[in-house]
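Only one structure is covered here, and it is reproduced in the block below.
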Amino acid sequence: SLELKTVLKELIPRRRQEILELRERCGNIKVGNITVGSVIGGMRDNKSMFWQSSSLDPYEGIKFQGKTIQDCQNLLPRDSKDFKKKESFLPEGMFWLLMTGQIPTREQIFHLSKELGVTGRKLPGYTDKLMSNLPFDVHPMTQLAIGLASMNTTSEFARKYEKGQIGKDEYWEYVFDDVINLIAALPQLSGKIYSRIAANGEPLGEFKEDRDWSYNICSLLGMTSKCSCNLQNLTSKQSDDFVNLMKLYTGIHVDHEDGNVSAHATHLVGSALSDPYLSYSSGVMGLAGPLHGLAAQEVVRFLIEMNSYISSPHNESKIEKYVWNLLRSKRVVPGYGHAVLRKTDPRFIALLDFVKARPEEFSQDKNVVLMEKLSEIAPKVLKEHGKCKNPYPNVDSASGILFYHYGIKELLFFTVIFACSRSMGPLTQLVWDRALGLPIERPTSLNFNSLHSL
Ligand code: NMX
Ligand code: MLT
C-alpha cells in the first residue's frame, strides 16, 4: 500500500502477538543488574526501556531499525530533483523506516510527503493566534513547546478518549493521526518562530504543498533559491546546498534510542496517555537543555570566542591551551563526550563529509576550519584530562556551525530545527507504545536510608 497507516495495520497484529509471547516466555528473565552507581549516576547502563525504532551501540553509533547512516544514505529514496547527491535522502523515508522497519519505495515516500504537505499547509488558527501573541523575545524552544502543546486542542486521540468512544486496541490509530498532524505542522511552526526572531514576524518564504517536508522547513526560513527575501544573500548553489544540508540534518537527528532526555520525556509523558502534542512538547523542553540539544549553539559560541583568541584556526598550540583553560575553569567542552557513545559520533562524520565534499564553500570559513581542527586536538586534551569517558566529537560539534555558515545567526534557533527532526523517532515509538498496549511508566525510587541498608 502507499498508505503508511495501512502498512502499519498489517504489521501491528504480528507484533502484538510477539509481545504477548515475550511476556509469557521471558517475563522473568533478567536483562541486567542495577547498581547503586547507576541509581545515583543518571541510570547509566540500565537497560530497562523498550524502544524499537533505533538502537545505540557505544562503538558503532546509531542504527535506525538496524541500518547505519551509510545504509540509509544508500537505501532510502532521494529527492527526485537532486537524485545524485548521496546525502540528500528524504527524512520522510527515515520516518517510514522507523515506523515499519521496511525500506519504502519512492512512490510510498512521495505519497507520504504529499500527505504531510496537504496536512501542514496551515497551522490551526488557535495555535497561530496564540503564537502571534507571544512576546518576540520568548525563547524559541519555549515558543515551540507552547505551540505544540496548544495543538492538543485538535487532538483526535484526546477527543475520542474523553468521549469514551475508543477501546485500547484502537488508541494507536488516533495517536497515529495526531502524530502525522504534528509532524506536518513543524515546518510552519519553525518558520513562524524564525520569522518572529529574525524578521519581527514578517513571513520569510512560502509553504509549498507539492514539495517535501524538509524543503518546506528551508522555504519558510527564507533559505531556498525560490525565496524572494534572500535574507542571507545566498547564491542559488548555496541555497540548494542548504536544502541538502537540511535533508541530511533532519534525516540523521530523528532518533537516538530511548535513553536520551527528549525521547525519554516524550515516552514517559505519553505513557500517561497524554496526547502526542503534550508528550512531544515535554520532549522539546528536555531538548532545550545545554547538555542535550542546546549544545549545538554552545559550540558555535565556543568556536567564535576561541577564534577571536587564537588568531588563526590552524594554531594548534593555542587551540590546545584554550581547551585546557576551559577545563581548568571546570566547564565542559561543548560538542564532546556522550553518555553512551565511546567513539566519534557517526552523525558528526556524516556532517563532516558534507563539509569535505564542498571545499570551495567551507575552506575560507575560519569557524568551520576550527571545528575540523578541534576534532583532532580536543580528543587528545580530553584524554589527558582523564575525566570524561568519551573524548570524541558528538553531532553537535558540527551541526550548529554549518547553519551559522549559511547565515542563521540566531543561535537559540538551532535546537528548534533539531526538534523538527527528533519528532520522528519518539513519536514513532508513541504510536507503537499504544499499538502494543504498553502500560504507564512507573519505576520505584530509593533513598539514603534504603541505599545505606543494602
Ligand atoms: N568536557 C569536559 N568534561 C566533560 C565532558 C566534556 N565534553 N564530557 C564529560 N565531562 C565530564 C563530566 O562533566 C563528568 O564530570 P564530573 O565527574 O565532575 O561530573 C565526567 O566527565 C564524567 O562524565 P561522562 O560519564 O563522560 O559523561 P556523562 O555521561 O555524564 O555526560 C554529556 C554526557 C554529553 C552530558 C557530557 O559528555 C557533556 O556534558 N558534553 C558536553 C555537552 C554536549 O556536547 N552535549 C551534547 C550531547 C549530544 N546531543 O546531541 O545531545
Ligand atoms: C541525542 O541525539 O539524543 C544525543 O546524542 C544525546 C543522547 O543520545 O544521549
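The values are calculated or read from the model by the stated rules, or taken from the named source; none is laboratory data. Predicted model, so just to flag it, every value in this text is computed and none were measured. We place every Cβ from the backbone using ideal geometry, glycine too, and count neighbours over all the protein chains shown.
Within the bounds of segment 334-345, is there any residue that is within 15 Å of ligand 2 (Cβ to nearest atom), outside the structural domain of residue 181 (by TED's automatic domain parsing), part of a loop (DSSP other than H, G, I, E, B) and of a type in the set (Ser, Thr, Tyr)? Yes, segment 334-345 has at least one match. When segment 378-405 is limited to residues that are within 9 Å of ligand 1 (Cβ to nearest atom) and assigned to a helix (DSSP H, G or I), the one that is nearest to residue 288 (Cα to Cα) turns out to be 396. Count of segment 227-244 residues, restricted to those that are of a type in the set (Lys, Arg) and closer than 27 Å to residue 424 by Cα, is 0. For segment 283-296, a residue qualifies if it is crowded, with 24+ Cβ neighbours inside 10 Å and not aliphatic (A, V, I, L, M), and the qualifying residues are 283, 293. With surrounded by fewer than 24 Cβ atoms within 10 Å (Cβ to Cβ) and under 23 Å from residue 142 (Cα atoms) as the only criterion, which of 197, 217 stands out? The conditions single out 197. A single member of 168, 226, 192 is surrounded by fewer than 18 Cβ atoms within 10 Å (Cβ to Cβ) and at pLDDT 95 or above, and it is 168. Within segment 342-369, residues that are more than 30 Å from residue 44 (Cβ to Cβ) sit with their Cβ atoms under 7 Å from residues that are in a helix (DSSP H, G or I) and within 16 Å of ligand 1 (Cβ to nearest atom), at 6+ positions apart or across chains, in these pairs: 354/248; 367/303; 367/401; 368/401. Please count how many residues of segment 1-52 are surrounded by 13 or more Cβ atoms within 10 Å (Cβ to Cβ), of a type in the set (A, V, I, L, M) and outside any loop (DSSP other than H, G, I, E, B). Total meeting the criteria: 7.
Of these, 299, 269, which one is assigned to a helix (DSSP H, G or I), outside the structural domain of residue 89 (by TED's automatic domain parsing) and modelled with pLDDT of 95 or more? Selected residue: 299, the only one of 299, 269 that is assigned to a helix (DSSP H, G or I), outside the structural domain of residue 89 (by TED's automatic domain parsing) and modelled with pLDDT of 95 or more. Among the residues of segment 324-356, the ones that are touching a helix residue (DSSP H, G or I) at 6+ places or on another chain (Cβ under 9 Å) and either within 9 Å of ligand 1 (Cβ to nearest atom) or of a type in the set (Gly, Ala, Ser) (or both) come to 11 in all.
Mind checking which residues of segment 28-58 are within 16 Å of ligand 2 (Cβ to nearest atom) and in contact with a Leu (Cβ under 8 Å, 6 or more places away or on another chain)?
Those that are within 16 Å of ligand 2 (Cβ to nearest atom) and in contact with a Leu (Cβ under 8 Å, 6 or more places away or on another chain): 53, 54, 56, 58.
Residues that are aliphatic (A, V, I, L, M), in contact (Cβ under 8 Å) with a residue 24 or more places away in the chain, buried (at least 22 other Cβ atoms within 10 Å of the Cβ) and not in a helix (DSSP H, G or I) are absent from segment 413-433 altogether.
Scan segment 257-301 residue by residue and report those that are within 11 Å of ligand 2 (Cβ to nearest atom) and farther than 13 Å from residue 419 by Cβ. Within segment 257-301, 257, 258, 259, 264, 291, 295 qualify. Do the conditions hold for residue 266, that is, is it free of Cβ contacts under 8 Å to residues at least 40 places away in the same chain, buried (at least 20 other Cβ atoms within 10 Å of the Cβ) and of a type in the set (Val, Ile, Thr)? The answer is no for residue 266. Mind counting the residues in segment 1-49 that are of a type in the set (A, V, I, L, M, F, W, C), farther than 21 Å from residue 268 by Cα and within 26 Å of the chain's Cα centre (by Cα)? Number of matching residues: 6.
Within segment 199-258, which residues are within 16 Å of ligand 1 (Cβ to nearest atom) and either β-branched (Val, Ile, Thr) or not assigned by TED's automatic domain parsing to the domain that holds residue 428 (or both)? Once the filter is applied, which keeps residues that are within 16 Å of ligand 1 (Cβ to nearest atom) and either β-branched (Val, Ile, Thr) or not assigned by TED's automatic domain parsing to the domain that holds residue 428 (or both), segment 199-258 yields 250, 252, 254.
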